[in-house]
Amino acid sequence: MQQDIVFSFFLIFAGAMVLATIALYTRQPVLIAYIALGAIAGPFGMGWIEHPDALTDMAHIGIIFLLFLLGLDMQPSALFAVLKKAMLVALASSAIFFAAGFGLTLAFGFSEMDAIIVGLAFMFSSTIIGLKLLPTTVLHHKHVGELMIGLLLIQDMLAIFTLILLGVLEGNSSMPVWQPFVALPLLAVGCYLIVKMVLLPLIMRFDRYHEYLFILAIGWCLTVAEGAKLVGLTHEIGAFIAGVTLATSPIAQFIAISLKPLRDFFLVMFFFTLGAGVNFGLLGDVWLPALVLAAAVLIIKPISFRYLLGNLSERPQLAWDVGFRLGQISEFSLLVAFVALQSQLLSEQGSLLIQATAIVTFVISSYIVVFSYPNPIAVSDKLRRD
């Protein structure tokens with residue numbers, strides 16, 4: 001069926017309205033409704049949207065805005081402190097997750113290269129699930145929010161290194177492995193100087209024009225995101241740097257409030273495209289290993305974070321909180337699978353194994369958080385926190 005962008009938007013948001021209403025009445029997380037809608041309407045379901053990949057780039061903008069808003073509420077000094085504390089935990093946990101993914105995949109008879117790629121995909125937790133289900137007040141002002149941001153940012157850097165490594169293995173990468181690690185501090189310093197010398201004077205001069213401030217914020221976010229991509233980082237890291245460097249602005253909170261509806265608009269599309277990408281016809285080949293790997297993720301990640309953070313004198317309750325919120329694999333895991341498949345380093349069954357594991361862990365992890373920890377979409381009034 002041929003459809004235009006208006007039809008696609010109609011189907012996504014009208015369908016989301018219906019399924020989200022049903023989800024709320026039945027006390028289910030609304031994220032599950034968006035994923036289910038994608039599975040129903042996508043090419044492997046009813047086929048109403050045959051090419052969801054055309055919507056993927058737009059859906060990705062929601063993640064960019066999410067990281068920009070996080071940066072707006074974090075002062076640089078607080079960021080450096082939390083990164084220093086989270087570094088050891090992030091590296092140690094990544095080693096544990098890689099070993100688990102590699103060993104289990106080999107045990108199911110997959111090739112050694114497939115096992116390596118699955119192990120790499122296991123290392124990362126979902127930025128969007130972890131932060132979307134974290135209340136704004138906790139995210140901005142509580143230690144759990146700072147720890148999660150630090151862990152996720154370090155994982156993002158490891159994901160960039162992984163993608164570069166895959167390019168090196170394929171033989172087509174022109175980027176030195178060290179480039180993103182040099183580019184990151186240079187980009188941060190450059191953005192800080194631009195904000196101080198250009199943006200803050202403009203904001204002080206034209207702070208009465210709210211439309212201008214809104215456009216300036218979006219323009220700055222996307223400019224730095226694109227600049228980060230050009231120097232070997234990711235759009236998400238660039239957007240976060242854009243937010244952190246603008247956090248000293250007196251209108252940072254105004255910008256954050258203004259952009260939240262725009263962010264949520266694109267995040268609905270993200271979860272829709274995630275559900276639409278599931279090929280049900282091939283699930284029969286990998287359903288058992290996918291369930292076992294998903295169970296391993298859901299068990300190993302919370303336990304690992306609990307004891308690693310506990311060794312840093314974090315309270316057990318906080319350590320479990322972080323562990324369960326990061327108890328899934330990541331959007332980056334799907335990107336690793338896509339790049340490895342395109343590079344012929346990963347089999348089609350291995351790619352589907354990662355996709356199926358991601359979907360299962362996204363769904364179950366969301367359920368655990370929504371029904372057990374404070375979050376903005378809790379079905380219980382006791383746990384709902386905006």
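Scanning the stretch 313-347 for residues that are in contact with a helix residue (DSSP H, G or I) (Cβ under 7 Å, 6 or more places away or on another chain) and either surrounded by fewer than 16 Cβ atoms within 10 Å (Cβ to Cβ) or without any contact (Cβ under 8 Å) to a residue 24 or more places away in the chain (or both) gives 316, 319, 320, 323, 341.
Filtering the stretch 117-137 to residues that are under 13 Å from residue 346 (Cα atoms) and either of a type in the set (D, E, K, R) or surrounded by fewer than 22 Cβ atoms within 10 Å (Cβ to Cβ) (or both) leaves only 119. Residues in the stretch 49-67 include at least one that is of a type in the set (A, V, I, L, M, F, W, C), at pLDDT below 90 and over 22 Å from the mean Cα position of the chain (by Cα).
Among the residues of the stretch 231-290, count how many are within 16 Å of the chain's Cα centre (by Cα), closer than 25 Å to residue 184 by Cα and small (Gly, Ala, Ser). Counting residues in the stretch 231-290 that are within 16 Å of the chain's Cα centre (by Cα), closer than 25 Å to residue 184 by Cα and small (Gly, Ala, Ser) gives 2.
Quick check, is residue 215 closer than 27 Å to residue 176 by Cβ and of a type in the set (A, V, I, L, M)? No.
The values are calculated or read from the model by the stated rules, or taken from the named source; none is laboratory data. Worth saying up front: this structure is predicted, and the values here are computed from it rather than measured. We place every Cβ from the backbone using ideal geometry, glycine too, and count neighbours over all the protein chains shown.
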